[in-house]
1. With a 1.4 Å probe and every protein chain kept in, tell me what percent of the accessible surface of region 10-101 is carbon plus sulfur.
2. Region 101-172 to region 189-258: how many Å between their Cα centroids?
3. Among the lysines, which have Cα under 26 Å from the Cα of residue 73 when same-chain residues fewer than 8 positions away are ignored?
4. Along its principal axes, what span do the Cα atoms of the chain show, with the longest given first and each in whole Å?
5. Can you list which of the trypsin sites (Lys or Arg not before Pro) found in region 111-179 are DSSP loop residues with at most 13 other C-beta atoms within 10 Å?
6. Could you pull the accessible area for residue 144 with a 1.4 Å probe, rounded to 10 Å²?
7. What list of ³J(HN,Hα) couplings, whole Hz, do you get for region 22-34 from phi and the Karplus terms 6.51, -1.76, 1.60, once you set θ to phi - 60° and write x for glycine and proline?
8. For region 1-110, which chymotrypsin sites (Phe, Trp or Tyr not before Pro) are both in a DSSP coil and crowded by at most 15 other Cβ atoms within 10 Å?
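The values are calculated or read from the model by the stated rules, or taken from the named source; none is laboratory data. As the structure is a computational prediction, the values presented were derived from the model and not from experiment. Reconstructed Cβ throughout: ideal geometry from the backbone, glycine too, with neighbour counts over all protein chains shown. Ligands, DNA and RNA are excluded from the accessible area calculation, which covers all protein heavy atoms including side chains. Shrake-Rupley method; radii C 1.70, N 1.55, O 1.52, S 1.80 Å.
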Amino acid sequence: MFGARRSRTEDPEAKPTALKAKLAEIAKILEEMGPEEAEPILPGKPVVSGPTDNTTVKFPNGSEVQVIIGTSKHIQVPGVVDKITQIVGDAYSAVGKRKYVDREDAMDRLEMGDAGVRANRVLHLAYKNGELCGCASSTFSPGWTPEGCGHWGLLAVDPAHQKCGIATAMVLAAERRLATQSEMIKIEYQYAGDDFSNQLLAWYEDRLGFDGGPRPRPGQHCFRHAFKEIPEDERRRGHRRRLVEIQQWLQQQLAQAEATASSADVSSSGGYAQGFS
């Protein structure tokens, strides 16, 4: 007679109220943390800036690499999925290694980024002058590292764009993301005693600061597990940046929830009016 009534268990104001409470909690934490710390600018070193999902790395020579987190939107961009598979295959085969990512795997990895700030594993995409040049993954909890230890891997750069800072930019972006939650980072790689293995060891364990334990003996073949502690100041900046990004995500959720609640109120009012007519 009076039209459909709203169930008591379906309170459209419940979600906005909960989101506002969470936002107030985050705002209080951010206030207690004080003003945002500027990321250090060191002579001769790249300058890293931007949000976690869209990091810009500027090198002293003026070149710039943009590292973004891939999402399902990139699947719709012609050529991106095929380019990812090509980059991985070409990069590894160029150094005599075998590593392939097929189209389904590439799309799965991109879709993981749809979770935004809640994502565990993501695929970073590196662009230089608007061209996709490399990819890498980062994961907060891969399942095989100690608690609080993140991981990055699948580092691949198009051979046509190597020695241009692409790999460095992706590592900086991946480790910057991991610093928002993790205390340590793990990588692993195959050491075969050849020139390429020695280059990897020098880059990972000397330049990037990972510790894989005792150095291999001449001619030794082994699978090296290397760890690096994230400096406290980077973790502090990362934690604050993550809170800000969660805050922005919650604000989006609140806007959607309030719009839904408003629509429900309009619909309910219309229902009552129709019932009385």
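1. 54
2. Their Cα centres are 12 Å away from one another.
3. 58, 83, 99, 128
4. 89, 44, 38
5. The qualifying sites are 163.
6. That residue has around 130 Å² of solvent-accessible surface.
7. Per-residue couplings from phi come out as 5, 5, 5, 5, 5, 4, 5, 5, 5, 5, 5, 6, x Hz.
8. Answer by residue number: 2, 100.
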